[in-house]
Amino acid sequence: MNDLEIKLIKSVKEDKDSPALKSLVDRYRPMIENMYGQYKIGLYDQNDWYQEALIICYATCSIFDGASGSKFGSFFKLKFKNHIIDIVRKENTVKRQANQLACSYEQIINEENSDEFVRNYVHLLDTSSRLEQAVAELSKLELIALQFLLGEIKMQMACDIAMCDSRQLNRAINRCRLKIVEYL
């Protein structure tokens, strides 16, 4: 451990010096990037990864005592790696819970004591399948009208695609609405 590193650690520890903390993290950038390549954490991007590194580096500086002969770099790497592994474990626990709490659709709809949320969810699934049936029954013009209704395309583009005028498209919009309401 060189004098500059000792000075940076002391500045972070005693003065809570942000530039010193950033300099320390920059010194260990290769180690941080190596771990970024080894471990994947959900939606974490590289900026999130460096934010975690800053937090752990600060915590490491706060408790580091070089008197025992240990090296800061090794200590920081160990703490950072353990922190990342904890995050990965928590993420995996959430994934496992989702799998463990899963049950079949048939079991849910046949269970008399299903709570209101589950019954509403089942209703949404039924609605979704009925909506799919309704969409399957729409003509080409009505499908284009549906795209307009959903805001996917503008009126003029819809008319151009369907090769019709706005009156014809408006009639198709009305038919589309009626068919969907009929299925739901």
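Brief remarks on what is shown
- Between the amide H of D17 and those of V12, distances stay under 5 Å, these residues lying 5 or more places away or on another chain, with hydrogens modeled in the peptide plane.
- Sorted on the mean count of surrounding Cβ atoms within 10 Å across their residues, most packed first, peptides 162-170, 75-83 read 75-83, 162-170.
- Rolling a 1.4 Å probe over the protein heavy atoms of the stretch 1-66, with every protein chain left in place, gives an accessible area that is 52 percent carbon and sulfur.
The values are calculated or read from the model by the stated rules, or taken from the named source; none is laboratory data. Predicted model, so just to flag it, every value in this text is computed and none were measured. Neighbour counts run over all protein chains shown; Cβ positions are idealised from the backbone, glycine included. Surface accessibility is based on the protein's heavy atoms, side chains included, excluding ligands, DNA and RNA. Shrake-Rupley method; radii C 1.70, N 1.55, O 1.52, S 1.80 Å.
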